[in-house]
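As structure tokens, the structure follows; a few thoughts come after it.
The values are calculated or read from the model by the stated rules, or taken from the named source; none is laboratory data. A quick note: this is a predicted structure, and the numbers were derived from the prediction, not measured. Cβ placement follows ideal geometry from the backbone for every residue including glycine, while neighbour counts extend to all protein chains displayed.
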Amino acid sequence: MRKAFRFRTLLLIVLPILFFLPIYWTFVIAVGYHGAAYHLPPVWVPLFHWAPIMYVLTHTHWLRYVANTVGITAATIVLVLFTSALAGYALAEIPFKGHSLYFLLVIGVMMLPQQALLVPQYVVLFHLHMLNTYAAMVIPFAANSSSIFLFRQFFKKIPVSFPEIARIEGVSTMRYIFRVAMPLAKPAVATSVLLTFIAAWNQFQWPLIMTNSPQIQPIELALSHYMQTYQANWRELASAALLALSPILVVFAFTQKHIVQAVAGGDLNAKD
């Protein structure tokens with residue numbers, strides 16, 4: 001028993017270190033001296049030279065890329081929450097013909113790789129004259145099957161009496177969804193926000209194919225430009241990578257509690 005406890009404790013110590021080590025090493029390179037990435041044995045103590053980070057912020061178009069990414073990500077999150085809440089409520093609460101088939105189709109979409117849809121999506125956007133636009137970065141991702149599934153599962157946990165009382169009180173369906181059901185499904189909302197944020201923030205292949213103007217390209221394409229520009233200067237590249245990663249860590253820190261609840265199944269009472 002003690003050996004099993006020690007083994008679990010060891011895993012809880014070692015695994016976080018292994019996951020955090022690449023981020024820390026990137027930070028050491030970013031604030032270290034020239035050539036630290038090639039030094040053997042590796043240098044693990046940061047020197048806190050902030051010049052490379054300031055250079056990325058002030059001498060490049062980094063802020064433009066950040067503004068593009070923030071706008072695209074925010075718009076995508078809002079649309080995903082809106083469409084997922086409506087679709088999840090319909091699949092959980094509204095009986096209609098082909099209900100099970102529609103739900104299976106939603107599950108099936110989760111299994112399709114994005115690469116398999118690139119060519120038909122490119123053709124559609126081309127004929128709609130949406131290539132190289134912000135709309136092309138947002139609209140194709142306005143609905144998310146994983147978020148629909150999450151909302152559907154949480155809405156099914158809401159007691160039957162809640163929507164019945166809302167109907168008796170004259171509350172509209174839309175108002176009930178966004179004022180009552182969604183606040184009760186906070187774990188689903190937080191998980192959808194985080195997953196959508198990570199997916200939208202880390203988009204690389206899609207904007208690489210659908211855009212050709214730096215004026216609307218997101219942050220991941222900026223990193224690829226820096227890789228070509230700073231092939232021998234890893235400090236600027238590491239600084240840009242840290243700046244791109246920081247918002248994801250911040251969002252995760254604020255949503256991790258709700259994500260654990262979502263994985264655990266939430267705390268709503270089972271439906272009658």
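Taking the conditions (1) under 31 Å from the mean Cα position of the chain (by Cα); (2) assigned to a loop (DSSP other than H, G, I, E, B) in turn, S147 satisfies each one other than (2). The number of residues in region 1-42 that are within 17 Å of L242 (Cβ to Cβ) and assigned to a helix (DSSP H, G or I) comes to 14.
Output the residue which, of all residues in region 43-58 that are of a type outside the set (F, W, Y) and assigned to a helix (DSSP H, G or I), is farthest from the chain's Cα centre (by Cα). Ranking the qualifying residues of region 43-58, first place goes to A51.
The condition (being modelled with pLDDT of 90 or more and out of contact with any Ser or Thr (no Cβ under 7 Å at 6 or more places or on another chain)) is satisfied by just one residue among A87, A116: A87.
If I go through region 124-138 residue by residue, how many of them are in contact (Cβ under 8 Å) with a residue 12 or more places away in the chain and among the β-branched types (V, I, T)? If you could, list the steps in order and put the result at the bottom.
Step one: filter region 124-138 for residues in contact (Cβ under 8 Å) with a residue 12 or more places away in the chain, giving 125, 131-134, 136-138.
Cutting the leftovers down to among the β-branched types (V, I, T) gives us 133, 138.
Qualifying residue count for the region: 2.
Within region 204-253, being among the acidic types (D, E) and under 29 Å from V189 (Cβ atoms) holds for one residue alone: E220. On inspection, L15 qualifies as under 24 Å from the mean Cα position of the chain (by Cα), more than 28 Å from A136 (Cβ to Cβ) and not assigned by TED's automatic domain parsing to the domain that holds F197. Taken over region 50-73, the criterion of being of a type outside the set (A, V, I, L, M) and farther than 21 Å from M227 by Cβ is satisfied by W50, G71, T73.
Tell me, which helices (runs of 4 or more DSSP H) wholly within region 159-246 include 2 or more residues that are modelled with pLDDT under 85, within 25 Å of T133 (Cα to Cα) and out of contact with any Gly (no Cβ under 8 Å at 6 or more places or on another chain)? Full working, then the answer.
Details: elements: 161-168, 173-176, 186-201, 205-210, 219-229.
Filter on region 159-246 gives 219-229.
Hey, could you check region 181-205 for residues that are over 30 Å from R167 (Cα atoms) and surrounded by fewer than 20 Cβ atoms within 10 Å (Cβ to Cβ) and say which is farthest from the chain's Cα centre (by Cα)? Steps first, please.
Our first condition is that a residue be over 30 Å from R167 (Cα atoms); within region 181-205, this holds for 194-205.
Among the residues that remain, those that are also surrounded by fewer than 20 Cβ atoms within 10 Å (Cβ to Cβ) are: 195, 198-199, 202, 204-205.
Details: L195: 3, I198: 2, A199: 4, N202: 8, F204: 13, Q205: 15 Å.
Looking at residues that are over 30 Å from R167 (Cα atoms) and surrounded by fewer than 20 Cβ atoms within 10 Å (Cβ to Cβ), I get Q205.
Evaluated against (1) free of Cβ contacts under 8 Å to residues at least 40 places away in the same chain; (2) over 27 Å from Q256 (Cα atoms); (3) not polar (S, T, N, Q), I216 falls short on exactly one condition, (1).
Restricting attention to region 167-176 and to residues that are of a type in the set (A, V, I, L, M) and under 33 Å from the mean Cα position of the chain (by Cα), the residue that is surrounded by the fewest Cβ atoms within 10 Å (Cβ to Cβ) turns out to be M174. If the condition is being touching a residue at least 40 places away in the same chain (Cβ under 8 Å) and either touching a Ser or Thr at 6+ places or on another chain (Cβ under 7 Å) or acidic (D, E) (or both), then region 144-173 contributes N144, S147, I148, L150, F151. Here R152 clears all of (1) over 28 Å from L91 (Cα atoms); (2) modelled with pLDDT of 90 or more; (3) charged (D, E, K, R) except the condition numbered (1). Summed over region 128-144, the residues that are part of a helix (DSSP H, G or I) and either crowded, with 17+ Cβ neighbours inside 10 Å or not aromatic (F, W, Y) (or both) give a count of 7. Within region 27-62, if we keep just the residues that are under 27 Å from I216 (Cβ atoms) and β-branched (V, I, T), the residue that is surrounded by the fewest Cβ atoms within 10 Å (Cβ to Cβ) turns out to be T58.
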